[in-house]
Amino acid sequence: MFFLYNLLVAFAGFALKIIAVFSPKMKLFVDGRRNVFSEISAKIKPSDKTIWFHAASLGEYEQGLPVIEKIKERFPNHKIVLTFFSPSGFEVRKNNAVADVTVYLPLDSKSNAAKFIELVHPDLVFFIKYEYWPNYLNALKKANIKTYLISGIFRENQMFFKWYGGFYRKALDAFNHFFVQNSKSKELLLKLGKANVTISGDTRFDRVAAILEKDNALGFISEFKKEKLAVVVGSSWPKDENLLVNYINSTNHDLKFIIAPHNIKGEQIQQLKNSIYKKTVLFSEKEGKDLSEFDVFIIDTIGILAKIYSYADIAYVGGGFGNPGVHNILEPATFGVPIVIGPNYSHFAEATALVNIEGCISISNQSQLDEAFDNLIQNEDEREEKGHICSTFVQMNKNATEIILKQIPQYGDV
């Protein structure tokens, strides 16, 4: 089976180069990996001490950030190497301030894994949440490098728990310790004979809780909102926007809407703007305008959504009409904002929990969205109660980073 896996990786590397000719995103995926080894060689000397973190994409990076920052403090003389698998993570965070070297992870071939680990020669390695690359893990085990999984999630449908997943199960031997989010994940690992497991929870709670300590002020949002109620829509997709635009166009409530779409390409943004009948302004067009005169503010940029949530009285988080489902609901939750989402959230423990304890409302159609918004707009007590549930939920689930750090070697031990 491992032979077939390696054959598939080789085929994928060839096929992706062809697909890249027709797909801009895949072109980033392929082109971004061309000079990884030369870039590492230029930035890491054989005498350097390093620690390697791997994140599949942007969400995993944000999830691992609290641990990366604390490890950087604990090991000030080590260089932090950060790898991404997908362009949606690398292209957004390639200029981050926390890592000394940020690159794409080369495809999981034996030769790539051996060369990467030889050049990076990490003292510690952290995989964030998932992505278990057998060749990399086997190479790490062979080199006897301490390797950890943080904020891990395991499910019964993963290959580890299938009759044909023997080589995947063997790859897990590379991990010195598993820090998992829930008891189900621990139970599944115990069935595989893995006793080196700690339920630490999800480090994303630490990241979003820390947002409260930052300066979240945005003058242009204050100017737009004034004293009115504001609905902030984050990471919306077209299926979300169809319902939201219908509500915006028909509601008689005196309130403001801020929409930060998942896709900020010019054509899609213009289509969204044109579909809204009320006075609408784009972030890219805001200069020189009296923003208080507008009803809808479309944010056609990235990197400020978390701060915008601090101005929300109600939040709608998109993605819940797609696959795998809803985007990050913890950012509005930490600000004590009631949240509305689409129906696809079952793969996300925090969303499931917040729906169950009624801090978050799941809707499936236009009438349900209309009802949820109308109720929250008209009922201040309801808004405050659900918002309090959300903020309390974040505060009660933080400190995963502290649990992890207690079992990670100290500075003098590596």
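Computed quantities for the displayed model
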read-out	value
Check on A372, within 16 Å of D240 (Cα to Cα) and either open to solvent by 40 Å² or more (accessible area, probe 1.4 Å) or not assigned by the TED database to the domain that holds E91 (or both)	yes
Among the candidates V30, V21, residue that is open to solvent by less than 30 Å² (accessible area, probe 1.4 Å) and in contact with a helix residue (DSSP H, G or I) (Cβ under 9 Å, 6 or more places away or on another chain)	V30
Qualifying residues in the range 259-277 (those that are more than 20 Å from N328 (Cβ to Cβ), assigned to a loop (DSSP other than H, G, I, E, B) and open to solvent by 50 Å² or more (accessible area, probe 1.4 Å)) - the one modelled with the highest pLDDT	Y277
Test: residue in the range 7-14 that is in a helix (DSSP H, G or I), aromatic (F, W, Y) and touching a Lys or Arg at 6+ places or on another chain (Cβ under 6 Å)	no
Test: residue in the range 332-346 that is open to solvent by less than 30 Å² (accessible area, probe 1.4 Å) and within 15 Å of L218 (Cα to Cα)	no
Residue pairs meeting the criteria (Cβ under 9 Å; at least 6 apart or on separate chains; first not assigned by the TED database to the domain that holds E380, in the range 301-329; second assigned to a loop (DSSP other than H, G, I, E, B) and of a type in the set (G, A, S))	none
Residue in the range 77-97 that is among the acidic types (D, E), part of a helix (DSSP H, G or I) and either surrounded by 19 or more Cβ atoms within 10 Å (Cβ to Cβ) or over 15 Å from the mean Cα position of the chain (by Cα) (or both) present	no
Filter result for A55 (more than 22 Å from the chain's Cα centre (by Cα) and open to solvent by less than 30 Å² (accessible area, probe 1.4 Å))	no
Cβ-Cβ under 8 Å pairs, at least 6 apart or on other chains, the range 53-80 side touching a residue at least 12 places away in the same chain (Cβ under 8 Å) and among the polar types (S, T, N, Q), far side open to solvent by 10 Å² or more (accessible area, probe 1.4 Å) and assigned to a strand (DSSP E or B)	N77/K49
Filtered residue count, the range 295-309, keeping only those that are aromatic (F, W, Y) and more than 15 Å from G219 (Cβ to Cβ)	1
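Here is a yes/no grid of residues against (1) closer than 18 Å to L189 by Cβ; (2) at pLDDT below 95:
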residue	(1), (2)
A113	no, no
F126	yes, no
A139	no, no
L149	yes, no
M159	yes, yes
Y164	no, yes
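The values are calculated or read from the model by the stated rules, or taken from the named source; none is laboratory data. What you see is a predicted model, and the numbers here were worked out from it, not measured in a lab. Cβ sites come from the backbone with ideal geometry, for glycine too, and all protein chains shown count toward neighbours. Quick note on the areas: whole protein, heavy atoms, side chains included, nothing else; ligands and nucleic acids left out. Shrake-Rupley method; radii C 1.70, N 1.55, O 1.52, S 1.80 Å.
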